[in-house]
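Let me begin by presenting the structure, written as structure tokens, before commenting on it.
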Amino acid sequence: MKIFIVEDDENIVELLGDELRAWGYETMSVKDFNNVAGEVEEFKSDLVLMDITLPYYNGFYWTQKIRQNSNVPIIFISSHN
């Protein structure tokens with residue numbers, strides 16, 4: 001299973017990626033916060049973990065963009081207290 005992580009906090013990306021890979025999942029994280037939908041599509045993701053607060057556009061915006069071309073499951077994540 002391929003899991004795409006959309007998160008701007010590198011510590012969280014590293015933590016999630018390490019844990020998911022330890023369970024045998026393939027992971028990728030966003031490199032260009034102006035092209036999240038394109039990167040998700042290019043990776044051919046089976047699941048997206050989407051932060052709500054992101055640079056440029058929020059997670060809700062990117063979910064709408066992803067939904068235009070894909071029905072990939074999206075789980076929202078947040079590190080806010």
Worksheet item: Residues in region 35-62 near a label at Ser79, defined as backbone nitrogen under 14 Å from the 7 Å Cα→Cβ point?
Response: 50-55
Practice prompt. Let me see the pair-distance distribution of the chain: every alpha carbon pair, 10 Å bin width, integer percents in order.
Written response: 19, 58, 22, 1
Discussion item. Take Asn69 and Glu26, extend 7 Å from each Cα along the Cα→Cβ direction, and tell me the distance between the two endpoints in nm.
Written reply: 1.8
Fill in: Within the chain, helix-based [θ] at 222 nm, where runs of 4 or more DSSP H residues each add -39,500 (n - 2.57), nearest 500
-11000 deg cm²/dmol
Worksheet item: Which of the trypsin sites (Lys or Arg not before Pro) across region 25-81 are loop residues per DSSP, with 15 or fewer other Cβ within 10 Å?
Response: Lys31, Lys44
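Can you tell me the relative contact order of region 2-77? Whole percent, Cα pairs under 8 Å, sequence separation 6 or more. Spell out each step's value before the answer.
On the way: 111 pairs, mean separation 27.0, N = 76.
Here the relative contact order equals 35 percent.
None of the figures in this text is laboratory data; all of them are computed from the coordinates on show. Not measured: the values here are computed from a predicted model. Here the Cβ is made from the backbone with ideal geometry for all residues, glycine too, and neighbour counts use every protein chain on show.
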